[in-house]
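Accompanying notes for the structure given below.
The values are calculated or read from the model by the stated rules, or taken from the named source; none is laboratory data. As the structure is a prediction and not an experimental result, all values here were calculated from the model. Positions of Cβ are backbone-derived with ideal geometry, glycine not excepted, and every protein chain shown enters the neighbour counts. We work out accessible area using only protein heavy atoms, side chains counted, and drop any ligands, DNA or RNA first. Shrake-Rupley method; radii C 1.70, N 1.55, O 1.52, S 1.80 Å.
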Amino acid sequence: YLQNVIFTSDPKVLYAWVDVGGLYRSDDGGQRWQMLHGALPASGGSSQVKSVSVDPRDPQKILVAVGSHWEGKRDGLYQSDDGGRSYTLRLEALFAGNGENRWTGDSLARHPERPDRVFAASLGDGVFVSDDSGATWRNLGLAGHQFTDIDIDRTDPDRLWL
């Protein structure tokens with residue numbers, strides 16, 4: 001089943017992912033879907049999507065957190081500026097798309113007032129922030145914690161809930 005569907009600024013463009021089936025995109029409002037994780041590096045974790053964030057200004061710009069804690073290997077956060085046709089690794093960190101707590105939330109959260117600010121919560125590597133829509137990341141700390149969800153406080157968008 002579809003774990004999550006993201007609606008974009010273009011009503012025809014949708015993204016969805018399943019825990020071990022990868023990332024998909026629809027360009028016709030959900031009538032047909034195409035698989036997008038084929039352009040990610042070949043690994044067991046590349047089809048295990050934990051979280052996706054789409055730039056609210058441009059549906060072609062996406063961030064994808066992938067990985068498998070079963071393999072003990074860090075995949076990480078990949079960025080695509082062309083709607084998933086190609087990706088660039090932007091952050092090596094542990095995420096678990098098919099982990100024990102895969103149902104519990106998202107690993108990515110985008111600031112509602114500053115869309116270039118994105119937060120990522122990993123499994124053991126800490127919490128990260130990017131102020132350039134995912135191109136570069138810095139670690140805010142909290143390594144050693146197994147985060148399964150990150151949310152931005154609606155009353156104070158500079159406060160995170162983990």
- request: Pull up the stretch 134-160, narrow it to residues that are within 18 Å of residue 54 (Cβ to Cβ) and assigned to a strand (DSSP E or B), then point me to the one that is least open to solvent (accessible area, probe 1.4 Å).
  value: 152
- prompt: Right, residue 51: surrounded by fewer than 21 Cβ atoms within 10 Å (Cβ to Cβ), closer than 16 Å to residue 84 by Cα and at pLDDT 80 or above or not?
  reply: no
- request: Note down all Cβ pairs under 9 Å where the first residue falls in the stretch 121-141 and is in contact (Cβ under 8 Å) with a residue 12 or more places away in the chain and within 14 Å of residue 108 (Cβ to Cβ), the second is open to solvent by 40 Å² or more (accessible area, probe 1.4 Å) and among the hydroxyl-bearing types (Ser, Thr, Tyr), and they're at least six residues apart or on different chains.
  value: 130/136
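Residue check: is residue 56 farther than 28 Å from residue 35 by Cβ and part of a loop (DSSP other than H, G, I, E, B)? Give the derivation first.
On the way: farther than 28 Å from residue 35 by Cβ: no; part of a loop (DSSP other than H, G, I, E, B): yes.
Taking the combined requirement at face value, the residue does not satisfy it.
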field: Sole exception among (1) modelled with pLDDT of 90 or more; (2) surrounded by fewer than 22 Cβ atoms within 10 Å (Cβ to Cβ); (3) touching a helix residue (DSSP H, G or I) at 6+ places or on another chain (Cβ under 7 Å) for residue 56, by number
entry: (3)
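Take the residues in the stretch 79-133 that are among the polar types (S, T, N, Q) and open to solvent by less than 30 Å² (accessible area, probe 1.4 Å); name whichever of them is nearest to residue 59 (Cα to Cα). Working first, answer last.
Residues of the stretch 79-133 among the polar types (S, T, N, Q): 79-80, 86, 88, 98, 101, 104, 107, 122, 130, 133.
Keeping just the survivors that are open to solvent by less than 30 Å² (accessible area, probe 1.4 Å) gives 79-80, 107, 122, 130, 133.
Numbers: 79: 12, 80: 10, 107: 19, 122: 24, 130: 18, 133: 13 Å.
Across the stretch 79-133, the extreme among qualifying residues is 80.
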- request: Report, ordered by the first and then the second residue, all pairs with beta carbons closer than 6 Å, sequence separation of six or more or different chains, a first member in the stretch 65-86 that is free of Cβ contacts under 8 Å to residues at least 60 places away in the same chain and under 18 Å from residue 16 (Cβ atoms), and a second member that is of a type in the set (Val, Ile, Thr) and open to solvent by less than 10 Å² (accessible area, probe 1.4 Å).
  value: 66/49; 78/64; 80/62
message: Suppose we filter the stretch 22-47 for residues that are open to solvent by 20 Å² or more (accessible area, probe 1.4 Å) and more than 14 Å from residue 89 (Cα to Cα); how many remain?
response: 13
